[in-house]
Number of protein chains: 2
Amino acid sequence: MKLFSTPTVLFLLLFSTISTSQNAVKDSIMLKKIYTAALTEGKSYEWLDYLSNEIGSRLSGSIEAETAVKYTEAQLNELGLDKVWLQPVMVPRWTRGFKEYAYIETLTGEKTITEICALGGSVPTPNLGLKAEVVEVHGIEELASLGEEKLAGKIVFFNRPMDASLINTFEAYGGCVDQRYSGAAEAGKYGAVGVIVRSMNLRLDDLPHAGAMSYGDTPVNMRIPAAAISTNGAEYLSSLLKLQPNLMFYFKQNCKTYDDVLSHNVIGEITGSTNPNEFMIVGGHLDSWDLADGSHDDGAGCVQSMEVLRLFKKIGYKPKHSIRVVLFMNEENGLRGGKKYAEEVKRTGEKHLFALESDAGGFTPRGFSFQTNEANFKKVQSWQALFKPYLIHYFEKGHGGADIGPLEGNIDVLAGLRPDSQRYFDHHHAANDIFEHVNKRELELGAASMASLVYLFDMYGTK
Amino acid sequence: MKLFSTPTVLFLLLFSTISTSQNAVKDSIMLKKIYTAALTEGKSYEWLDYLSNEIGSRLSGSIEAETAVKYTEAQLNELGLDKVWLQPVMVPRWTRGFKEYAYIETLTGEKTITEICALGGSVPTPNLGLKAEVVEVHGIEELASLGEEKLAGKIVFFNRPMDASLINTFEAYGGCVDQRYSGAAEAGKYGAVGVIVRSMNLRLDDLPHAGAMSYGDTPVNMRIPAAAISTNGAEYLSSLLKLQPNLMFYFKQNCKTYDDVLSHNVIGEITGSTNPNEFMIVGGHLDSWDLADGSHDDGAGCVQSMEVLRLFKKIGYKPKHSIRVVLFMNEENGLRGGKKYAEEVKRTGEKHLFALESDAGGFTPRGFSFQTNEANFKKVQSWQALFKPYLIHYFEKGHGGADIGPLEGNIDVLAGLRPDSQRYFDHHHAANDIFEHVNKRELELGAASMASLVYLFDMYGTK
């Protein structure tokens, strides 16, 4: 059966080409508008200045975290969104206490002070501190071969460095972070009394890098304290251990876990003009570690996400679907905000199409990673050419983001902004994750890239 | 006429595919070797540390520039190259003299000190300085309409900012730099007595940015002094001028031009194993402005270029063609080194195939621009997939580099490393172009990208 005559087919082909190229022209004009507004009339940098310099570090349960909730709620209210609200969520409350103190003591009694920080979730040392011999290992798997005989009563020093030959520094992080997260739980099984972990940092410096750890199902009375040591400290300790395997390490920390407290995800919404009950979200996490102001992790992601909605208002774009900014609470040490948002989506049955997270720093955007099926990914790839003028080249399958992860199964596409990763772990969770290390244009380009992607999803859906 | 039977064609196709894919495998293994060596056993950062922190700023004709010549020559000698030599070149010698001094004086006599720096090549002010009313313009083309009537006896203030909406910041620079380069020569024609130029900087800060200017064919006794003012200073001056159009600006500078002096390009060579008389060069410029240590402009390009040859030695790659590193002298205020090298190539008839310059900062490499014909560009594009694992995506036609530019017409391909440009003009020619703003991994990734491109040109030629 011949459905169409040849001229008809030609006409249809022609029509579809014209229509596609008309879209391409319209879309490229819209992206230009978005990028220009972000770079010349942006607000993300000003917001980040306030979050970082006026409020500061925002560990879950802290007064600063609550101040940040109020500040961002107020800022979203000023944007004239259709709805702004707080979503209650119970979060852990862990405090560092006084500054940690540590030294290496040689056999002749010389003490060299070294920089450490308690890992998030760790128990304190005894009040007078903890002194023991040190066993250096390069991974959890070494513990079994050493056994209780070699580890009981000792401090285990996890010293596997990040692999500098990996181009994506997040991969290098992924190859090391088990030492930090599970090192204490695993070493404790062999009678170790404490754990010191090399900071997850690709360069050599004096800054210890915080981060979450977990005791898993270790009984409370079996938990041993864990701290991170700077990369310079780790190198020094390791070299001394070669000379004096029986040197002693002393550390003292006063961190504590209190009862969970009430906190909030901060949410703002532009309600969709034609599909108000279909949602697309863009977000970052509002909490940060306590050693710095958390400008890259993840102040940047929060203000970029807020900026997406502000840019739509600014250029007068009225989305078809409902677009929400979600500032998640407690990504760093619990992910309670992300889990809570996903629970609510499941409970209410709200239809979510697309979620985009920025939680990899405020550096020059290189592209996006997409967690979705082949059909959706193909659709997304067809938009790639639109981003070329903005030097956004990276469109790959991959992880969306921690906070939006719990939505998986109840959403079509999860995506993550992928900024340049080379400098990220120089600052990650350390005292130098501060405002002056975020570049205004790089931050703004990220926000514009996010807004552009949300615009395209809004225009062309996910099916 | 049927040249081949179908099976023969199929066989040929198959053979060519296998051969291509075998090359692709071999090449991807080589690139991995290059990148891994650069990231784990690199030397570029150590060299840059010495150039920046031990030697410092390297303006042509200065003692530091000569020290840098000796240092890099010695370092190249240590690499065990086949030849290392100095190529003599006469360079201009301009000195800043004492620190410039400037203030804005309001009608009530209040003086506000403002940060300026003399532009490279400028004449000094009179010994007691220069005070005059100010006429703000936004481009050279405005001068003619104002004419001698409005400009005679005045200081012309060029205040056109860089266009923040342009993604490639070098384009924004290109759109402004005529004010700095030709502003004094042009304003002088209308009887202006001095020129103040807004710094070529996309952000607002207090740092004046140096850079070259030229009087063209203006007679010596008609030359007027020119200085750059910081972007904050420019904004302040502009806002005050709206309130008090008759305010006065005072500045004093003591810069001088002396006779040309002898300096050198520094050259090292690995002689080609099969085509020793065909040359490929990689380079940057050794001179820098005097306000900082010139780590990005262009210490980075120098050490990356040296690193290309070191990496080849390190991994045991013996190039077929002769590969030279050329550290050019005097890019900033004369381009004498680049011109001299090209003159010598022309004079000796040395066959040059390919030149690659790194002179756009030590930031994360994004790709390359190529100045060549369509056939060579197509060939280059066929290598693009090899760079994808290193997140090098940008392969476009464009400018090679200032120092290698004079080779045009006597070479097949000129190319430029294209690092991320967002932060470049925050530092360019200003007091904050210092070592701490160069990231070790970013610098090393640039060197590895350059070495990889040179390897591919060496393997597959330019025809």
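The values are calculated or read from the model by the stated rules, or taken from the named source; none is laboratory data. Because the structure is predicted, anything quoted here is derived from the model rather than measured. Note: ideal-geometry Cβ built from the backbone for every residue, glycine included; neighbour counts use all protein chains shown.
Key figures
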quantity	calculated
Any pair with Cβ under 6 angstrom, 6 or more apart, that starts in the range A:329-342 at a residue that is under 23 Å from A:His209 (Cα atoms) and ends at one that is part of a helix (DSSP H, G or I) and small (Gly, Ala, Ser)	A:Met329/A:Gly337; A:Asn330/A:Gly337
Conditions (1) crowded, with 19+ Cβ neighbours inside 10 Å; (2) not assigned by TED's automatic domain parsing to the domain that holds A:Leu86; (3) not hydroxyl-bearing (Ser, Thr, Tyr); number of the one not met by A:Leu240	(1)
Matching entry among A:Ala402, A:Ala448, A:Ala385 (being in the same structural domain as A:Ile270 (by TED's automatic domain parsing) and closer than 30 Å to A:Ser230 by Cβ)	A:Ala402
Flag if A:Ala300 is under 19 Å from A:Ile113 (Cβ atoms) and either of a type in the set (A, V, I, L, M) or assigned to a strand (DSSP E or B) (or both)	no
Only listed residue being within 14 Å of chain B (Cβ to nearest Cβ), within 22 Å of A:Gly294 (Cα to Cα), part of a loop (DSSP other than H, G, I, E, B) and not small (Gly, Ala, Ser), chosen from A:Asp205, A:Asp163	A:Asp205
Tabulated pairs, the range A:223-252, first closer than 24 Å to A:Leu128 by Cβ, second basic (Lys, Arg), C-beta under 6 angstrom, 6+ apart or interchain	A:Met248/A:Lys131; A:Tyr250/A:Lys131
Pick from the range B:166-202, criterion of a type in the set (Ser, Thr, Tyr) and away from chain A (no Cβ under 14 Å), ranking: surrounded by the most Cβ atoms within 10 Å (Cβ to Cβ)	B:Ser199
So A:Gly153, is it in a loop (DSSP other than H, G, I, E, B), at positive phi, surrounded by fewer than 16 Cβ atoms within 10 Å (Cβ to Cβ) and more than 18 Å from the chain's Cα centre (by Cα)	yes
Test: residue in the range A:386-409 that is surrounded by 23 or more Cβ atoms within 10 Å (Cβ to Cβ) and small (Gly, Ala, Ser)	yes
Among residues of the range B:185-201, those that are basic (Lys, Arg) and more than 23 Å from the chain's Cα centre (by Cα), counted	1
Residue in the range B:32-47 that is touching a Lys or Arg at 6+ places or on another chain (Cβ under 7 Å), among the aromatic types (Phe, Trp, Tyr) and assigned by TED's automatic domain parsing to the domain that holds B:Met306 present	yes
Qualifying positions in the range B:125-142 - of a type in the set (Asp, Glu) and crowded, with 18+ Cβ neighbours inside 10 Å	B:Glu136
Test: residue in the range B:114-136 that is within 31 Å of the chain's Cα centre (by Cα) and more than 24 Å from B:Leu291 (Cβ to Cβ)	yes
Which numbered condition A:Lys440 misses (of (1) within 14 Å of chain B (Cβ to nearest Cβ); (2) of a type in the set (D, E, K, R); (3) crowded, with 17+ Cβ neighbours inside 10 Å; (4) within 29 Å of B:Ala385 (Cα to Cα))	(4)
Hits in the range B:341-376 - residues which are assigned to a loop (DSSP other than H, G, I, E, B), within 14 Å of chain A (Cβ to nearest Cβ) and not hydrophobic (A, V, I, L, M, F, W, C)	B:Gly361, B:Gly362, B:Thr364
Residue match in the range B:77-87 (condition: out of contact with any helix residue (DSSP H, G or I) (no Cβ under 7 Å at 6 or more places or on another chain), in the same structural domain as B:Leu309 (by TED's automatic domain parsing), more than 30 Å from B:Asp260 (Cα to Cα) and part of a loop (DSSP other than H, G, I, E, B))	yes
Residue satisfying condition, being touching a residue at least 60 places away in the same chain (Cβ under 8 Å), within 11 Å of chain B (Cβ to nearest Cβ) and touching a Phe, Trp or Tyr at 6+ places or on another chain (Cβ under 7 Å), within set A:Phe425, A:Phe457	A:Phe425
One residue from A:Leu407, A:Leu445, A:Leu391, A:Leu417 being of a type in the set (A, V, I, L, M, F, W, C) and either modelled with pLDDT under 95 or on the phi > 0 side of the Ramachandran plot (or both)	A:Leu391
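Each row is one residue, and each column tells you yes or no for (1) in a loop (DSSP other than H, G, I, E, B); (2) more than 13 Å from chain A (Cβ to nearest Cβ); (3) over 23 Å from B:Gly361 (Cβ atoms); (4) without any contact (Cβ under 8 Å) to a residue 40 or more places away in the chain.
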| site | (1), (2), (3), (4) |
| --- | --- |
| B:Lys378 | no, yes, yes, yes |
| B:Leu386 | no, yes, yes, no |
| B:Ile392 | yes, no, no, no |
| B:Glu396 | no, no, no, yes |
| B:His399 | yes, yes, no, yes |
| B:Gly409 | yes, yes, yes, yes |
| B:Gly416 | no, yes, no, no |
| B:Ser421 | yes, no, no, no |
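Quick grid of which residues meet (1) in contact with a helix residue (DSSP H, G or I) (Cβ under 9 Å, 6 or more places away or on another chain); (2) assigned to a loop (DSSP other than H, G, I, E, B):
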| site | (1), (2) |
| --- | --- |
| B:Gly191 | yes, yes |
| B:Tyr215 | yes, yes |
| B:Asn221 | no, no |
| B:Gly233 | no, no |
| B:Phe249 | yes, no |
| B:His264 | yes, no |
| B:Pro276 | no, no |
| B:Asp290 | yes, yes |
